[in-house]
1. Just to be sure I understand the model, the point goes 7 Å from the Cα along the line to the Cβ. What's the resulting Thr140 to Ala530 distance in nm?
2. Could you list the residues of segment 53-91 with an amide nitrogen less than 18 Å from a label point located 7 Å from the Cα of Glu276 in the Cα-to-C-beta direction?
3. Which lysines have a Cα lying under 17 Å from the Cα of Lys521, excluding residues fewer than 8 positions away in the same chain?
4. So what are the radius of gyration and Dmax for the Cα set of segment 26-138, in Å?
5. Going through segment 93-190, which trypsin sites (Lys or Arg not before Pro) have at most 10 other Cβ atoms within 10 Å and a DSSP loop state?
6. Taking a probe of 1.4 Å, how large is the accessible area per residue of segment 184-234, in Å²?
7. To the nearest 0.05, how large is the calculated FRET efficiency for Cys394 and Ile155 if R₀ is 51 Å and r is the Cβ-Cβ distance?
8. Quote the charge dipole size of the chain about the Cα centre in Debye, to the nearest 20; the model charges only the Cβ of Lys and Arg (+1) and of Asp and Glu (-1).
Amino acid sequence: MNEITEQIASSIDIAEIISERVKLRASSRGYVGLCPFHSEDTPSFHVYTDTQSYYCFGCHKGGNIFSYVMETEHVDFREALQILADRSGIKLSKSGREHENKDILRLTEEFFRTNLNSSSANAPRDYIMKRGLTEVDINTFGLGYAPDAWDALTIYLRKKGFSDKKIADAGLAIQTERGIYDRFRGRIMFPIHGITGQTIGFGGRIIAGEGAKYINSPESEVYRKRKNLYLLDMARKAIREKGRSILCEGYMDGIRLHKAGFKESVASLGTSLTVEQAQLLSRYADRCYICYDSDRAGQDAAIRGMYILQANGLDVRVIMLPEGKDPDEYLMTHTHEDFENLISSAKPLILAHIEALRTRLEDVSTRKSAVRELFSSLEGLRAGEVFEYKAQLCEAAHVLPGELESMIITKKSELPEVSEKRAKKDDDDSLECALCSMLMRSADYRLRISPEEAMNILNESDTKALAYELLTEDVSELGELWLKTGDTYKLGIIERGKVLYEQMKGLNDEDRFAKVYSGLKRISIERRIAEIRAKPLEERDYQRLIELYHERDKYGL
């Protein structure tokens with residue numbers, strides 16, 4: 001490696017690299033300019049052409065061309081080496097396996113892009129154009145098409161010399177006892193690139209027929225979902241320049257934001273945000289604006305995930321879209337200025353969470369669970385961050401300032417008068433776990449209930465979050481992901497639900513689902529009846545109670 005670094009360093013003039021960011025003027029040993037690492041009015045940053053190094057006499061930072069790129073691009077040594085190698089036209093030697101992995105993914109991206117330009121891809125091209133994208137966009141973001149055939153890509157890669165095992169190991173095909181078939185079929189393809197631009201995986205959107213709306217490449221040696229963000233390779237310069245990142249959920253959301261002029265936008269590669277993604281974003285800017293869709297069913301779970309970013313150094317602000325909109329839909333009918341106004345009015349994470357829980361916080365029957373959810377989310381933050389919003393938290397939780405301080409300092413999430421540990425799950429909670437277990441078990445069960453309906457009949461925040469994930473994500477990858485990330489609590493819910501499921505051995509699948517659904521529906525109706533009767537009744541409440549009683553009768557009461 002020493003030989004290659006010397007070759008790269010000798011092929012690039014450090015003054016040329018630095019002058020792209022710093023205005024330099026000649027000096028006796030090289031050049032001098034204003035330091036890029038700290039604010040100053042008098043130049044103290046020196047570039048020495050004889051030693052190909054730099055040093056600032058103000059902040060005392062110094063180094064060579066590699067440390068300069070690492071510092072200004074916020075990358076590690078390997079990534080800096082790749083950036084400079086690409087610039088100098090020098091190819092880095094890779095291990096045979098690493099080279100093969102990157103080569104197969106590069107060829108696959110070319111295959112998908114070529115197919116999108118073929119006569120058989122009229123439907124996907126029409127879809128892309130209807131979404132308001134142009135030929136320039138297709139090329140800019142590398143969009144492609146996976147043919148609606150079982151083994152088109154596999155055959156292509158075999159001809160390029162790759163074995164079936166290599167194709168499957170790269171996450172491009174699925175190997176079974178009966179043979180091998182392409183993972184992506186009949187889908188518009190979004191290439192996922194690493195921070196230096198190399199292809200590391202794919203996301204595919206179905207345009208016709210049955211199947212998950214989106215599927216992604218599985219975890220592999222090259223592709224680590226938790227360690228990457230879609231479009232970060234294109235966005236990192238703008239993030240650094242604007243001092244902010246915009247984080248959205250979907251591929252099209254990210255593309256639409258870039259098209260609208262928000263080049264600092266990236267997209268998460270799944271619903272669960274990670275420490276590694278927080279660290280990636282914090283390399284370039286401390287503030288992160290999160291713009292997820294306004295679907296109320298999943299909003300609570302999404303906001304809880306944002307605390308991972310806040311707890312790892314980012315100042316998180318939540319952009320509030322009009323209800324029923326996602327960034328892609330919003331920007332199809334609104335201007336750049338409209339979205340900038342939404343950014344200006346974005347709420348700090350804690351205030352956004354209070355807003356999301358507002359209805360439950362104002363209802364005496366649900367306040368305790370809402371407060372528990374809110375304060376358990378705050379546990380990972382520094383007390384000072386939380387106390388900044390002391391007044392709003394006291395009002396939301398109906399507690400006094402002293403009680404609030406005690407809850408934050410001792411990291412208790414229960415209201416002051418409730419000090420006992422969470423009670424053992426009763427039969428009602430077992431039904432919630434059983435529904436989650438059934439959703440994990442079979443696609444047939446997942447087709448019988450919408451995310452919105454699941455949110456309506458479930459009561460516990462944990463089972464709500466899990467059910468929403470099961471109904472909106474690729475379930476085949478979730479169990480493995482939970483094991484890898486140590487998220488055993490979700491697996492525990494699934495296992496608890498299996499107990500009740502297995503107790504229904506005499507019932508077929510349809511009857512099992514009906515029993516669990518009816519039980520949860522009945523409990524949710526009873527819960528609404530209790531909420532109404534817990535307060536002084538108004539005339540409209542009597543009519544609503546009659547409706548609920550009739551609805552309750554449908555479920556055997």
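1. 5.4 nm
2. Of the residues in segment 53-91, 75-80 have backbone N under 18 Å from the label point off Glu276.
3. Lys464, Lys554
4. Answer for segment 26-138, Rg first and Dmax second: 22.5, 64 Å.
5. Qualifying residues, ordered by number: Arg178.
6. Numbers: 1830 Å² over 51 residues.
Per residue, segment 184-234 has 36 Å² of solvent-accessible surface.
7. Once rounded, the FRET efficiency stands at 0.20.
8. 680 debye
The values are calculated or read from the model by the stated rules, or taken from the named source; none is laboratory data. Every value quoted in this text rests on a predicted model; they were computed, and no experiment measured them. Heads up, the Cβs are rebuilt from the backbone with ideal geometry, glycines too, and the neighbour counts pull from every protein chain shown. Accessible surface is based on the protein model in full, side chains and every heavy atom, while ligands, DNA and RNA are left aside. Shrake-Rupley method; radii C 1.70, N 1.55, O 1.52, S 1.80 Å.
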